[in-house]
1. As I understand it, the value is the acute angle between the Cα axis of helix 325-336 and the longest principal axis of the Cα atoms of the chain; what does it come to in degrees, rounded to 10?
2. Counting C-alpha atoms alone, how compact is region 328-420: give Rg to one decimal and Dmax as a whole number, in angstrom.
3. Hey, can you grab everything whose amide H is under 5 Å from the amide H of residue 299? Only 5+ residues off in sequence or another chain; H modelled, so Pro and N-termini drop out.
4. Treating the beta-carbon of each Lys and Arg as +1 and of each Asp and Glu as -1, no other charges, what is the dipole magnitude of region 83-194 about its Cα centre, to the nearest 20 debye?
5. With charges set only on the Cβ (+1 for Lys and Arg, -1 for Asp and Glu), what does the dipole of region 280-420 come to about its Cα centre, in debye to the nearest 20?
6. Based on the mean of other beta carbon atoms within 10 Å per residue, what is the order of 377-386, 129-138, 38-47, most packed first?
7. Evaluate the charge dipole of the chain about its Cα centre and quote only its size in Debye, nearest 20, assuming +1 on the Cβ of each Lys and Arg and -1 on the Cβ of each Asp and Glu.
8. Using each residue's phi in region 295-303, evaluate 6.51 cos²θ - 1.76 cosθ + 1.60 at θ = phi - 60° and report the 3J(HN,Hα) Karplus result to the nearest Hz, with x for Gly and Pro.
Amino acid sequence: MKMKQRAEFGIVGSGVIGLCTAYFLAEAGHSVTVIERERTVGAGASRGNGGQFVFAKPLPSPGMVRNGLRHLIGRDGAFYVAPLAMPGLAGFLSRFALSATPTRFMKGMEKLAVLNELTMPLLDSMKLNGIGTRIEETGNLRIFADQTAAEADHAGALERAGNGFNSQPGRLMYGEELWDYEPALGAAAKFGYVQPDLRWGDPSVFIDELISHLKRIGVEFVTNSEVTAVEESDNAVEVRHNDQTSSFSSVLLAAGPWSAPLMKAAGSRAILKPGVGYSFSVRAEHTPGHVLALENAHVGVTPLEDGWVRFAGTMEFTGSDNGKTSDRVQAIAEASKPYVSGMDWDSLKDEWSAARPMTPDGLPYIGQLPGRQRTAVATGHNMLGLTLGPATGMKTAELLLSQGADPRMKAFAVDRHIIF
């Protein structure tokens, strides 16, 4: 094995979490090396997602399990668990279900506040360095087919705004008023409201701008190199990847679902499962002026550049990090068609799927590995990696630099004890 000269910080994984942590470490003047298993930096879920920077909420929410169970084994549903994968997912799914209560959902919102309060200010500061220059701020237009669901969702947004968890939502719009407000909507879109102060854009543009800045300030990237072991001693952490070993003062595991075997090898009992998500793009006669959240279809619609629109959705547990892209893409397209207009469905391209790191309580793992002083973890952001990337990067950099850890970050401890 070749031994590489020691650097200060090593980051395993070049998704948005790893890249944002590298950003804050390098901006503070420290040397950083990012090790990536793929040939492309910032691949996977960091690029193919819906491109939204929202007020993060825990995925297990009231009513989600009840509604999800209706489609649990139907491949055309928004939430799918492969029957053969159920035995291996039993522990995860039972904890997920127990987390989806009103009380635990609100507690999760309270815990996420430490990250949510940083998201928009950090995007503003990163933009000064040429990162996120094409992010839009027109908000999220939430769309419903029935009045009862729309009013319940709007009431929940008002309650969260009253508790300081998100901005004040716009008023509920109906029928013709809604269609005049957003001409890209279809006949099934009968009720909706705007959740303002939320931002969106092409995630690949954000990632590319971030990578370019990191290279300019000296961050080193090692690609096509899979990490197989992370071993900590009193004064260093050695990372084995391909045919070499690299030594660092401290190491962060930020490899999404591929962090799981490395965490387990280090003795962690954290539960982390891959949940596959999908997206694709089509040309639009008139691109929407907002991100659209098609609540009944469980699909997010994001305007891209040059007249293209991205459709993203689905949470699929198959026991692996791969999915059947064409089947799920067609299911998402069919579910979306009644809610949008002017889309050229024959132009469909960029069919994509990737695994997202899922936790049973919907909160990420951010902190040191149990029993380790120099090895930390930042993963398990569920469907919120892009949203929580900048805030996680800042807080993780503080942790690695031992800069007075925020006590509120204990909520994301790697081996936190979840009481049900």
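1. 40 degrees
2. Rg, Dmax (Cα atoms, Å): 19.0, 56.
3. Under 5 Å from the amide H of residue 299 lie the amide H atoms of 294, each far enough along the sequence or on another chain.
4. The dipole magnitude comes to about 600 debye.
5. With Lys and Arg at +1 and Asp and Glu at -1, about 700 debye.
6. Packing order, densest peptide first, comes out as 377-386, 38-47, 129-138.
7. That gives a dipole near 1320 debye.
8. Result, rounded to whole Hz: 5, 5, 8, 6, 10, x, 10, 10, x.
The values are calculated or read from the model by the stated rules, or taken from the named source; none is laboratory data. Just so it is clear, the model here is predicted, and its values are computed rather than measured. All Cβ positions, glycine included, derive from the backbone under ideal geometry; neighbour counts span all protein chains shown. The accessibility values were calculated without ligands, DNA or RNA, using every heavy atom of the protein model including side chains. Shrake-Rupley method; radii C 1.70, N 1.55, O 1.52, S 1.80 Å.
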